[in-house]
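Contents: one structure, followed by commentary.
The values are calculated or read from the model by the stated rules, or taken from the named source; none is laboratory data. For clarity, every value in this text was computed on a predicted model and none was experimentally measured. Cβ placement follows ideal geometry from the backbone for every residue including glycine, while neighbour counts extend to all protein chains displayed.
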């Protein structure tokens with residue numbers, strides 16, 4: 001007896017979803033969509049499975065699959081990895097869609113939402129990296145520097161609220177026995193230190209405790 005399962009796969013890290021069907025165990029079956037397969041190869045197979053329907057009739061998979069495909073607009077929506085409607089037949093992606101694996105349908109698309117702050121206007125934007133670049137006309141590389149901490153500000157935009165940029169830290173150099181109190185930006189500028197590495201020292205990223213003799217007294 002053949003049991004068909006209509007399921008939803010949800011990536012636990014990125015939140016991307018995939019609607020599909022299988023005759024195999026739906027909890028262990030990864031899904032066969034091209035974009036979905038590329039996505040889990042890049043981001044890992046950390047996936048949850050929800051079962052929508054189990055039936056012996058493949059026609060049920062087709063009708064219910066098409067219903068949910070249209071209801072959730074799975075081909076056009078950024079939330080879904082599907083490149084075609086789920087009709088229970090699988091098969092190749094239409095030619096006009098194969099060329100459209102770009103933007104949010106690219107497996108390396110960064111779906112994470114970031115907080116961006118405008119230091120001049122006080123505006124706060126919560127957005128993906130791509131959408132923020134598009135809306136502000138700031139280059140991807142510049143936004144990348146903001147996100148990884150290499151730059152604290154670009155064209156008035158920062159990843160940190162104004163109150164954090166103005167925060168005073170106490171820095172200590174054990175080699176020269178020097179203690180200074182100033183903002184992170186002023187400290188990096190005065191002593192010609194990399195902002196991103198001092199960020200690691202302040203937050204303890206990677207267990208980094210000091211840089212060029214400097215540490216932070218909390």
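At-a-glance table
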read-out	value
Per-region count, the stretch 38-62, residues in a helix (DSSP H, G or I) and either touching a residue at least 40 places away in the same chain (Cβ under 8 Å) or surrounded by 12 or more Cβ atoms within 10 Å (Cβ to Cβ) (or both)	10
Any hit, the stretch 3-14, residues being at pLDDT 90 or above, surrounded by fewer than 19 Cβ atoms within 10 Å (Cβ to Cβ) and in contact with a helix residue (DSSP H, G or I) (Cβ under 6 Å, 6 or more places away or on another chain)	no
Scope the stretch 165-183; condition in contact with a helix residue (DSSP H, G or I) (Cβ under 9 Å, 6 or more places away or on another chain) and at pLDDT below 85; matching residues	165, 167
Subset of the stretch 15-34 that is outside any loop (DSSP other than H, G, I, E, B) and surrounded by 20 or more Cβ atoms within 10 Å (Cβ to Cβ) - its residue that is farthest from the chain's Cα centre (by Cα)	21
Which numbered condition residue 217 misses (of (1) modelled with pLDDT of 90 or more; (2) exposed (fewer than 11 other Cβ atoms within 10 Å of the Cβ); (3) touching a strand residue (DSSP E or B) at 6+ places or on another chain (Cβ under 7 Å))	(1)
Matching residues, the stretch 63-74, being buried (at least 18 other Cβ atoms within 10 Å of the Cβ) and in a loop (DSSP other than H, G, I, E, B)	74
